[in-house]
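Reviewing the structure listed below.
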Amino acid sequence: MYKTLALAASAATVFIASGCANMSAPAAPAMLANGALVAPNGMTLYTFDKDTAGKSACNGPCATAWPPAMAEADAKPAGDLSVITRDDGSKQWAYKGKPLYTYSKDQKAGDATGDNFKDMWHVIK
């Protein structure tokens, strides 16, 4: 009986370990790359001077040009990254309380064509 239990325990350990190895951790909502904060897809993240801590002022056409860095409904803060609630009830990532956005005219990862746009949009460095 002891051999049977030991064998079953050993098989369970291998099964659990292999299952965990295949599980992927959720992607970080933002990371530093080439001196700038970027989204998981490598697109540059921006802040908007008209925003206040915890509140986005970019809605409607603004949010079309500057798509918010959306967070899942159950997203949890991590370090300097927090989650705010937009006017429509959706969730958005924020850095040190300032909502985060990408820029629709950035074409590929690493582009930062919106930096200092109208002296109101800024790359987080």
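The values are calculated or read from the model by the stated rules, or taken from the named source; none is laboratory data. Predicted model, so just to flag it, every value in this text is computed and none were measured. Cβ: placed from backbone, ideal geometry, glycine included. Neighbour counts: every protein chain shown.
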Just one of the numbered conditions (1) on the phi < 0 side of the Ramachandran plot; (2) at pLDDT below 95; (3) surrounded by fewer than 15 Cβ atoms within 10 Å (Cβ to Cβ) is not true of ILE124; which one? (3)
Can you pull out every residue in segment 43-56 that is at pLDDT 95 or above, in contact with a strand residue (DSSP E or B) (Cβ under 9 Å, 6 or more places away or on another chain) and surrounded by 13 or more Cβ atoms within 10 Å (Cβ to Cβ)? THR44, LEU45, TYR46, THR47, PHE48, ASP51, LYS55, SER56
When the residues of segment 90-121 are narrowed to those that are loosely packed, with under 12 Cβ neighbours inside 10 Å and of a type in the set (D, E, K, R), which ends up nearest to THR64 (Cα to Cα)? LYS105
Return yes when ASP87 is of a type in the set (D, E, K, R), touching a residue at least 12 places away in the same chain (Cβ under 8 Å) and surrounded by 13 or more Cβ atoms within 10 Å (Cβ to Cβ) and no when it is not. no
Taking interchain pairs and intrachain pairs at least six residues apart, which have beta carbon atoms under 9 angstrom, with the first residue in segment 102-120 and more than 11 Å from PHE48 (Cβ to Cβ) and touching a residue at least 40 places away in the same chain (Cβ under 8 Å) and the second among the basic types (Lys, Arg) and surrounded by 11 or more Cβ atoms within 10 Å (Cβ to Cβ)? ASP111/LYS105
